[in-house]
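Presented below is the structure to which this report refers.
The values are calculated or read from the model by the stated rules, or taken from the named source; none is laboratory data. This structure is a prediction, so every number in the text was calculated from the model and none was measured. Here the Cβ positions follow ideal geometry from the backbone for every residue, glycine too, while neighbour counts run over all protein chains shown. The area values use the complete protein model at the heavy-atom level, side chains included, leaving out ligands, DNA and RNA. Shrake-Rupley method; radii C 1.70, N 1.55, O 1.52, S 1.80 Å.
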Protein chains: 2
Amino acid sequence: LNGVLKERSRHLGIMLSVIICLNILILGCALVSGSAYKDVNISSSDLQIFLIVLLLLTSIWMVYYVTFTARTENAIAYKDCHAGPIWLRGGLVLFGLLTIIMDIFKIASYVGYLHCDSAVKVAFPVVQLIFVLVQTYFLWIHAMDCVELQRNITRFGLMLTLSTNLVVWMTAVTEESLHQTTVPEYPSNTTKLSGRSLYINRAGYGDDTCKCSHTSCSLFKEAYYYLYPFNIEFSLFASAMTYIMWKNVGRVTEEHGHRKIKFRPTEVFLGPVAGVLLVVAGLATFIVYEMEILKYNRDEDKKDKVLMIHFVMNIVIVTLMSVSTVIGCAIYQVDHREHVSDKNPTRSLDVGLLVGASLGQFIISYFSIVAMAITGAKGYLNGLNLAWAILMVIQLGLQNYFIIEGLHREPFHEVQPISVLANPYVLQPGKDMSILEESDMDTTPGPVLTADCLHNLTVEHRPKLLWKRWVLKEVCAFLLLGNVILWIMPAFGARPQFDHATETEFYQFNMWAAVVNVGLPFGIFYRMHSVASLFEVFLTS
Amino acid sequence: LNGVLKERSRHLGIMLSVIICLNILILGCALVSGSAYKDVNISSSDLQIFLIVLLLLTSIWMVYYVTFTARTENAIAYKDCHAGPIWLRGGLVLFGLLTIIMDIFKIASYVGYLHCDSAVKVAFPVVQLIFVLVQTYFLWIHAMDCVELQRNITRFGLMLTLSTNLVVWMTAVTEESLHQTTVPEYPSNTTKLSGRSLYINRAGYGDDTCKCSHTSCSLFKEAYYYLYPFNIEFSLFASAMTYIMWKNVGRVTEEHGHRKIKFRPTEVFLGPVAGVLLVVAGLATFIVYEMEILKYNRDEDKKDKVLMIHFVMNIVIVTLMSVSTVIGCAIYQVDHREHVSDKNPTRSLDVGLLVGASLGQFIISYFSIVAMAITGAKGYLNGLNLAWAILMVIQLGLQNYFIIEGLHREPFHEVQPISVLANPYVLQPGKDMSILEESDMDTTPGPVLTADCLHNLTVEHRPKLLWKRWVLKEVCAFLLLGNVILWIMPAFGARPQFDHATETEFYQFNMWAAVVNVGLPFGIFYRMHSVASLFEVFLTS
């Protein structure tokens, strides 16, 4: 009977937390989309007050969770080693830092407008700064937890955190798209403002009636342009990690023989060398592109030339990656390793995130293709842009297939089953674990934690790699570095989507900015995720 | 080795079909959203040509599948009895018929414009008519199939069907929102056109330059207003059924003791009687509302009075349903039936569809709440509207919980395990089934099909119902009828969202029409789905 009650409480907790999350999300969605339209009578202060309340609630819960866990002995009996991998946590810290810098800039800038605007605009970045600090610490320490105590409270807290992050994400995307699209009301400046300069001109403050009281305001505006994508990224990363934590509440990790295979970079040569060359070449053209585009903002001819270099470089990168992925897929066809047959929730989640994140880049590319195809792709720049978009779609499809197939293959290295140190309190694995509750856990001291994340390190020394394995490893290494350069470019500010005017003219700035602002952060996330997944495929091949 | 190859081919088929579906969807999304903006240079003919190609390809595949299955003996060895329940198939046929009528109207109307517009506008409804006929037949006959032969081709075909339906759905939603929102270009008519009359005025043809050559054009325009929601519904139903079929490809159904429990309506009395009273009262006010709103379109006072009746009736319905759901949930708390522990993919899909479809109504209600809360809900109509929206959110949350919890409980009636007639060709359940392929199946005649969907009918005669069961059954019956009336009203044309002007003024017609057009069809789907699920809960209680 006790088991039935526990099971029922688990069920209730999951359902209610999901329902609450949906309610917050939809309410946020209504507020955000309402405040996006000038004609709609929702001021951005209304929305920011809602956000401040959400951020404070979430921060309070996170502080409570951290202190509660720290005070309770053996609060965390299990950790999921697959959750919160280092690239996710590292990315979170990096983007968190940059978000904090952005918030400081915002505070400094809005303080200058305090005399003629509401104080809420200053309060919001202050609260967000605190929230970012608390959340980064919380996720860095606790991302791997499989929570056993106070499960339902934790479920609610995590779903609150998830919905807060998603609402913040929606707000940021909408706000930045608006900054880019609002047409200047003062027609005094006759020079045509395009893309980037329009953004920098508009960011920070919408109207002319309120003047900044200190002189450094304009300085901060330029900083926004480069910092806001990191804020968006931060919300996405935090959402992904929170969701994984929520899935892991009450989970008893069964080690499915997580094989630790030693990374021997000396095994491969061709792939890494070609990849490094690609990264260096990409970096060089990227730096040239960024420098020149800022310098020759008004000179269309020079700008076109620089854009051409950027397009050609991207086409080369994407083509080479597609070709090597095809080789990798061909190897899979002649390779007779078994598919991993067991169901692994972390892997399913990983695959889902990968495919989901790739949709962002897919959307941008298809919008480009449609625009180019209908305008007839006149001129060499449009032709290059069309070729780039088509190749990108092909590359994404192939790479998704290659990674998913790779993750589902049995590793080449077969090691003996790992001797997991058994938890003495585990009587029976599986369903009965739900009976373990506070009462049991509080009173039982003991080094339960040490059981996790320890693996035997078994390296078999084979004299020579099989040729199939060798080719797969080379392909993985090359693709990995290719994804690195494709990550660097958009993450550090390359926006050919705005610098090249055809799509902007075809779809109007409004719509195109929305597409790019929604799609690109997912695209950046996808590249980082691919790097991590390709590394895993490299190790298991 | 053969098993490995089969498994790999299965994997490849699933992945490639998903990737192709995503590509079609995103391409469709780009075209649809591009054609929605006047400034964007995508004409509706471009989009319609794309749709015609998709519809034809899908129709050809469906005809091929139907003929291939009909010619091959024992092509379908297993059927999933949970897939394609009667409410889904019945709804499909009903909405299909209404879509066909709409298409005939469209053809007749567009023929009148042939002299001054492209023939594509006539060709599209013709092709759609054929597609609807083929698809309705295909899904009616084959919705339960667990396809065994030509699995990968079937996967591609089903994903093609799914993406075609979703693209058609997107197009219909966008097109109808535009019909409602485009502001008349000729400012000659000084009478204020609002909501419904604006739509009827605009539907069919956008500009004044092209005049209809026959006189009955205006007649058809009014018909659109009442028919287009069914077209949208049809696409949603077909998508859901196609997705279930795709999930079932290659599945070997294991009967989880699908219990057939006799429906004895005499067991309950209070719930059905109260429910029928509710339906009758709802129908009466609905008919009054529809008649009066058309009659007194210009008379604001009379319109407000009719709207008030409609709001009050809805509030009463939703309040009564919420109260009875609370009683039902309370019974669950004191009821000690076990949770069903086995994982059932059909049930998970059911629950997912239920929660997903409820989001539509959630979104509309939250947008209403935000609009009312910020404008201060002045006047009795706004107050009633706010109350309705809040109660609706509560009712949806409670009902979702009640249904999901009910579906996860073990039935009260315990019958002995059903003697499923064993299929002689099944050697071993589970993975090995994937080896059964064309070669095996073609040569083996025999009545394999008869094994499915046959159940022993075991009815235990108990003298008296337990009071808990009795209350649960009453609650289910009442909720079921409540959902019926909440389905009837929006399905047959009640649009208080447009007849009451506050939200339209707050969000602008543009945005509000988009919200309602996306949300309401899901809301209608949700009510039908709830009725079916509540019937299941009624039977198992």
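Take the conditions outside any loop (DSSP other than H, G, I, E, B), open to solvent by less than 30 Å² (accessible area, probe 1.4 Å), within 11 Å of chain B (Cβ to nearest Cβ) and touching a residue at least 40 places away in the same chain (Cβ under 8 Å) and apply them to residue A:368. Does it pass? Against the criterion (outside any loop (DSSP other than H, G, I, E, B), open to solvent by less than 30 Å² (accessible area, probe 1.4 Å), within 11 Å of chain B (Cβ to nearest Cβ) and touching a residue at least 40 places away in the same chain (Cβ under 8 Å)), residue A:368 qualifies. Within region A:1-23, the residues that satisfy the criterion of being more than 10 Å from chain B (Cβ to nearest Cβ) and open to solvent by less than 30 Å² (accessible area, probe 1.4 Å) are A:13, A:17, A:21.
All conditions but one from (1) more than 12 Å from every other protein chain (Cβ to nearest Cβ); (2) farther than 18 Å from residue A:500 by Cβ; (3) crowded, with 21+ Cβ neighbours inside 10 Å apply to residue A:314; the one that does not is (2). Within the set A:393, A:370, the sole residue that is touching a Gly at 6+ places or on another chain (Cβ under 7 Å) and in the same structural domain as residue A:333 (by TED's automatic domain parsing) turns out to be A:370.
Of all residues in region A:339-357, those being within 11 Å of another protein chain (Cβ to nearest Cβ) and either modelled with pLDDT under 70 or touching a His at 6+ places or on another chain (Cβ under 9 Å) (or both) number 5. Test residue A:36 against the stated conditions and say whether it is at the interface with another protein chain (Cβ under 10 Å from one of its Cβ atoms), in contact (Cβ under 8 Å) with a residue 60 or more places away in the chain and closer than 30 Å to residue B:510 by Cβ. Taking the combined requirement at face value, the residue satisfies it.
Whether any residue in region A:124-147 is part of a loop (DSSP other than H, G, I, E, B), over 26 Å from residue A:30 (Cα atoms) and touching a helix residue (DSSP H, G or I) at 6+ places or on another chain (Cβ under 7 Å) is what I want to check. Show your work before the answer.
Here is the first cut: in region A:124-147, the residues part of a loop (DSSP other than H, G, I, E, B) are A:143-144, A:147.
From what's left, over 26 Å from residue A:30 (Cα atoms): A:143-144, A:147.
Now drop any that are not touching a helix residue (DSSP H, G or I) at 6+ places or on another chain (Cβ under 7 Å), which leaves A:143, A:147.
Yes; the residues of region A:124-147 include at least one that is part of a loop (DSSP other than H, G, I, E, B), over 26 Å from residue A:30 (Cα atoms) and touching a helix residue (DSSP H, G or I) at 6+ places or on another chain (Cβ under 7 Å).
If you go through region B:295-307 and pick out every residue that is touching a residue at least 40 places away in the same chain (Cβ under 8 Å) and either surrounded by fewer than 15 Cβ atoms within 10 Å (Cβ to Cβ) or over 23 Å from residue B:527 (Cα atoms) (or both), you end up with 4. Listed conditions (1) surrounded by 19 or more Cβ atoms within 10 Å (Cβ to Cβ); (2) modelled with pLDDT under 85 are all met by residue A:486, apart from (2).
Pairing residues of region A:381-393 that are more than 16 Å from residue A:523 (Cβ to Cβ) with residues that are open to solvent by 40 Å² or more (accessible area, probe 1.4 Å) and among the charged types (D, E, K, R), at Cβ distances under 7 Å and at least 6 apart in sequence or on separate chains, gives A:381/A:304.
Output yes when any residue across region B:84-97 is over 18 Å from the mean Cα position of the chain (by Cα) and open to solvent by less than 30 Å² (accessible area, probe 1.4 Å), and no when none is.
Initially, region B:84-97 is screened for residues over 18 Å from the mean Cα position of the chain (by Cα), giving none.
No, that holds for no residue.
Within region B:238-258, can one find any residue that is modelled with pLDDT under 75, open to solvent by 30 Å² or more (accessible area, probe 1.4 Å) and under 30 Å from residue B:471 (Cβ atoms)? Scanning region B:238-258, I find at least one residue that is modelled with pLDDT under 75, open to solvent by 30 Å² or more (accessible area, probe 1.4 Å) and under 30 Å from residue B:471 (Cβ atoms), so the answer is yes. Assess whether residue A:103 counts as being more than 23 Å from residue A:349 (Cβ to Cβ) and touching a Pro at 6+ places or on another chain (Cβ under 7 Å). When the stated conditions are applied, residue A:103 passes them.
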